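So the structure is just underneath, and the comments pick up after that.
The values are calculated or read from the model by the stated rules, or taken from the named source; none is laboratory data. Fair warning: this is a prediction, and the values are worked out from it, not measured in the lab. Cβ coordinates were reconstructed from backbone atoms using ideal geometry, including for glycine residues, and neighbour counts include every protein chain displayed. Note: areas computed on protein heavy atoms with side chains; ligands, DNA, RNA excluded. Shrake-Rupley method; radii C 1.70, N 1.55, O 1.52, S 1.80 Å.
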Amino acid sequence: LAAIDNCTESRVMSALLHANASKNSALRAKVATFLAALVENMGPRLSQTRDLDRVFPVLVKYLSEGLAEPRQAGRRALLHIHENSQVSGEFDRLLRRCQDADIKVVEKVLQQEKAAHSAFTVTSSSNQRPPLSATMRSSTRPPLLSSTTRTPSSSKMSLTTDSSNPGHFDESVGRSNRRETKQLSINATGSELSIDGSEVSTKTKSRRMSSSRNMTTPTGGDDPALEKLGSITSGISSADFRCRHEAVNDLAELMMREREACSPRTPQLVDMFVGRMGDNNQKVAVAALQGMDKVVASYGDSLEPSVGLLVPALAANLANTSLQIRNLAGQILDNLTKSVDPVTLVQPLSSAVDFGNQRAKASLLESMTGLVREVGERKPQLLHKCFLPSAIKLLDEHKTDIKTANNALIKELHGVLGEQIYNPPRSRLPERSASKLREAIASG
């Protein structure tokens, strides 16, 4: 965010678009958030630059991502661009260049935003789709309640809206000769909401919102076993390293003692560990790694949803200058490969090798080699898709430890894939790469 505020916008845009090519889904999610922030920071000026042509298709693709973070970032950025380019028509021009499936997704987003800004508006019965440039004309919401009438025979307030004039609210109730109206009844106690005869309990809605907040915020809530989690959450982000160190140790102790209560929150709690594994203070980083080692040994396959965050963090620690941290990270990675489904590790490991630190690659390649046979028995296509391309990229590597580990990986791949290693599906291996593979397989 500091770079967005202080650096040249074009250079920041280029750097983010380059980083977006990463195979790491967690990294792309963060790139999406920063791109959305950059788009909002540039405002109407973006429409006057060539950067809009580069970033627009990327934002459109975010709407189809599996993770929620890039979807929300892409939606926010596209709506911002749409609002600022209604006069120039740049939005429609760029959208017409996209594929039909992407256009439908964008139109759906615009229609949802229009509906959110036009509450209680009755839509036209015509099947003709309105033009894109007209989907967000209104930038302010109409007043929700202009007048209310309380009937003496009931504890409910009755409010009617005129279907021909969405902005007008009719105070009369029960007259059959009036134009078609939609009636909204709100219980005076606030416990029920009725629209056209369908009732929704607002208490149920509040419970759903509360449970949603508990899923995303690592707090103990009403669980007495997790009373200390609130103080751990605040302490782990403290500016004082002693507070962070204590909070990390408390978090590890809590997860080991209250496994049943912590299991539903495992991804959020692991995320807290990951944030401290790269701490600037070595004592805090070591404590986080030691705690994570205990958690991996205890929780096992429950950590599969967090593999995408854990592997890049461990790869970064494998490149640390501290021998203690490197050894701990290697030990955790070994335990992780034994505890979780190997198939879930294929993509994070190959991404860490492709984009990670040079000093960590030898250890990562050794971990990949240990997974080849089991992955080959279940999903050999993943070996062609992830492991083999990573190995081919390192064929020209001159560093001894990386070259040795990569040759071992190639031999293991050849033992599982056989001659198919030279003829990967849906692609053709260049003759130079095939020759290099033969040399690596024939090496002692």
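Can you report the number of residues in segment 398-407 which are surrounded by fewer than 17 Cβ atoms within 10 Å (Cβ to Cβ) and either assigned to a helix (DSSP H, G or I) or free of Cβ contacts under 8 Å to residues at least 24 places away in the same chain (or both)? It would help to see each step written out before you state the result.
Taking segment 398-407 first, the residues surrounded by fewer than 17 Cβ atoms within 10 Å (Cβ to Cβ) are 398-401, 404.
From what is left, the residues that are either assigned to a helix (DSSP H, G or I) or free of Cβ contacts under 8 Å to residues at least 24 places away in the same chain (or both) are 398, 400-401, 404.
So the answer is 4.
What pairs come out if I take residues in segment 419-430 that are closer than 14 Å to Ala391 by Cβ and pair them with residues that are open to solvent by 70 Å² or more (accessible area, probe 1.4 Å) and in a loop (DSSP other than H, G, I, E, B) whose C-beta lies under 7 Å away, six or more apart or interchain?
Close Cβ pairs satisfying both conditions: Leu429/Asn423.
Does any residue in segment 356-378 that is more than 15 Å from Pro389 (Cα to Cα) come within less than 7 Å, Cβ to Cβ, of a residue that is assigned to a helix (DSSP H, G or I) and among the polar types (S, T, N, Q) six or more places away or on a different chain, and which pairs are these?
The qualifying pairs are Ser367/Thr337; Gly370/Thr337; Leu371/Thr337.
In segment 387-397, how many are farther than 16 Å from Ser435 by Cβ and open to solvent by less than 10 Å² (accessible area, probe 1.4 Å)?
The total comes to 2.
Just wondering, is there one or more residues in segment 268-279 that are modelled with pLDDT under 90 and assigned to a loop (DSSP other than H, G, I, E, B)?
Yes; the residues of segment 268-279 include at least one that is modelled with pLDDT under 90 and assigned to a loop (DSSP other than H, G, I, E, B).
Would you mention how many residues in segment 319-333 are farther than 17 Å from Ala297 by Cα and open to solvent by 10 Å² or more (accessible area, probe 1.4 Å)?
Going through segment 319-333 one residue at a time, the tally reaches 6.
Please work out which residue is nearest to Leu94 (Cα to Cα), limiting yourself to segment 42-52 and to residues that are open to solvent by 50 Å² or more (accessible area, probe 1.4 Å) and assigned to a helix (DSSP H, G or I).
Applying the filter and picking the extreme gives Gln48.
Please count how many residues of segment 422-441 are open to solvent by 30 Å² or more (accessible area, probe 1.4 Å) and either at negative phi or over 35 Å from the mean Cα position of the chain (by Cα) (or both). Show your work before the answer.
If we filter segment 422-441 for residues that are open to solvent by 30 Å² or more (accessible area, probe 1.4 Å), which is where we start, we get 422-423, 425-428, 430-432, 435-436, 438-439, 441.
Restricting the remaining residues to those that are either at negative phi or over 35 Å from the mean Cα position of the chain (by Cα) (or both) gives 422-423, 425, 427-428, 430-432, 435-436, 438-439, 441.
So the answer is 13.
Conditions: (1) of a type in the set (Lys, Arg); (2) surrounded by fewer than 20 Cβ atoms within 10 Å (Cβ to Cβ); (3) closer than 29 Å to Lys283 by Cβ. Lys361 meets all but one. Number of the miss?
Of everything listed in (1) of a type in the set (Lys, Arg); (2) surrounded by fewer than 20 Cβ atoms within 10 Å (Cβ to Cβ); (3) closer than 29 Å to Lys283 by Cβ, Lys361 misses just condition (2).
State whether one or more residues within segment 300-318 are without any contact (Cβ under 8 Å) to a residue 12 or more places away in the chain, of a type in the set (A, V, I, L, M) and either assigned to a helix (DSSP H, G or I) or surrounded by fewer than 18 Cβ atoms within 10 Å (Cβ to Cβ) (or both).
Within segment 300-318, none of the residues are without any contact (Cβ under 8 Å) to a residue 12 or more places away in the chain, of a type in the set (A, V, I, L, M) and either assigned to a helix (DSSP H, G or I) or surrounded by fewer than 18 Cβ atoms within 10 Å (Cβ to Cβ) (or both).
Lys379 fails exactly one of the following numbered conditions: (1) within 17 Å of Val311 (Cβ to Cβ); (2) surrounded by fewer than 19 Cβ atoms within 10 Å (Cβ to Cβ). What is the number of that condition?
(1)
Tell me the residue from Val39, Val55 that is over 15 Å from the mean Cα position of the chain (by Cα), closer than 17 Å to Asp92 by Cα and surrounded by 21 or more Cβ atoms within 10 Å (Cβ to Cβ), please.
Every option except Val55 fails the conditions.
Looking at segment 389-409, which of its residues are more than 25 Å from Pro425 (Cα to Cα) and of a type in the set (S, T, N, Q)?
Within segment 389-409, Thr400, Thr404 qualify.
If you take the residues in segment 58-97 that are among the hydroxyl-bearing types (Ser, Thr, Tyr) and open to solvent by less than 10 Å² (accessible area, probe 1.4 Å), which one is nearest to Glu9 (Cα to Cα)?
Within segment 58-97, the match that is nearest to Glu9 (Cα to Cα) is Ser85.
For segment 244-271, enumerate the residues that are of a type in the set (Gly, Ala, Ser) and touching a residue at least 40 places away in the same chain (Cβ under 8 Å).
Across segment 244-271, the qualifying residue is only Ala252.
Phe355 passes all but one of (1) within 25 Å of Ser322 (Cβ to Cβ); (2) surrounded by fewer than 19 Cβ atoms within 10 Å (Cβ to Cβ); (3) at pLDDT 90 or above; which number fails?
Tallying (1) within 25 Å of Ser322 (Cβ to Cβ); (2) surrounded by fewer than 19 Cβ atoms within 10 Å (Cβ to Cβ); (3) at pLDDT 90 or above, Phe355 fails exactly one: (3).
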